[in-house]
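Data first, discussion second: the structure below is written as structure tokens.
The values are calculated or read from the model by the stated rules, or taken from the named source; none is laboratory data. Note that this is a predicted model, so its numbers are computed, not measured. Backbone-built Cβ (ideal geometry, glycine too); neighbour counts: all protein chains shown. All accessible areas refer to the heavy atoms of the entire protein, side chains included, with ligands and DNA or RNA removed. Shrake-Rupley method; radii C 1.70, N 1.55, O 1.52, S 1.80 Å.
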Amino acid sequence: MANLNAPNGLTPVRHLKGGVVRYDGGYTITSALASDIFLGDAVILLGNGKDIDVAAATETVLGVFAGCRYTAANGDVVWSKQWVSGTVTKGSADAEAFVYTDPAIVYAIQATTIAEGDVGLAADIIAGAGNAATGVSGFTLNGGAYGATGQFLTLGLASAPGGIYPAEYGAYARVEVVTNESNFDSPKPTA
């Protein structure tokens with residue numbers, strides 16, 4: 001059975017060293033930032049403190065977006081799994097961003113393609129459009145460019161969501177990855 005083409009970004013599945021998978025607060029999104037950031041998008045530091053933005057291929061990854069909290073212009077406190085481009089907060093205060101930053105977190109992500117021989121190699125992400133209705137990412141792993149360098153290191157096939165269909169190598173396979181080019185020291189798995 002062929003793999004389902006249903007990208008949903010980077011989904012934490014476990015911790016490489018048996019630790020707890022958790023996100024960090026304390027990162028910020030500038031009021032009116034002109035970028036959509038969805039649950040499961042790779043994010044970067046902007047270089048001006050703790051502000052984040054969505055990552056593009058080849059950029060050093062801070063982590064994976066887990067949502068945000070802010071006070072809307074009308075005074076409502078908003079908890080959201082996505083940042084909508086151009087959102088203006090009350091008093092133009094920064095929004096608080098939650099980010100999975102631990103480089104030992106293992107994520108599942110859909111690859112454009114993967115062969116068994118690509119396991120252990122690295123690749124960059126492809127920033128696909130997220131789903132505005134669900135707030136979920138459309139990021140995939142660029143399976144056409146595996147090599148020694150890349151943002152994420154492949155560990156192998158990921159379990160199919162809900163066990164509905166068997167995971168198999170080829171187009172649209174879901175794979176497990178860890179960050180390879182991170183703001184933090186990325187632990188490389190050992191055989």
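Residues whose amide H falls under 5 Å from that of residue 140, counting only those 5 or more places apart or on a different chain, are 126, 128, with hydrogens built in the peptide plane. For residue 73, the amide hydrogen comes within under 5 Å of the amide hydrogens of 90, counting only partners 5 or more places away or on other chains and with H modelled in the peptide plane. Based on the Stokes-Einstein relation at 4 °C and a viscosity of 1.567 mPa s, and on the Kirkwood radius from alpha carbon pairs, segment 1-112 is assigned a translational diffusion coefficient of 88 µm²/s. Label reach from residue 6 (point 7 Å along Cα→C-beta): in segment 114-133, amide nitrogens under 15 Å belong to 131.
Computed packing ranks the peptides 172-180, 136-144, 44-52 as 172-180, 136-144, 44-52, most packed first, by mean other Cβ atoms within 10 Å.
Per the Kirkwood formula on distinct C-alpha pairs, the Rh of the chain is how many angstrom?
16.8
Annotation: the antiparallel percentage among DSSP beta bridges lying fully within the chain is about 90.
For residue 125, the shell of other residues with beta-carbons less than 13 Å away shows a net charge of -4, using +1 for Lys and Arg and -1 for Asp and Glu. Charged neighbours of residue 53, selected by a Cβ distance under 14 Å, balance to -4 (K, R count +1; D, E count -1). The label-point distance for residue 159 and residue 134, in a model that sets each label 7 Å from Cα toward Cβ, rounds to 1.9 nm. Entry comment: accessible area of the chain is 45 Å² per residue, from protein heavy atoms only and a probe of 1.4 Å.
Surface composition of the chain: carbon plus sulfur atoms contribute 53% of the solvent-accessible area (1.4 Å probe, protein chains only, all chains present).
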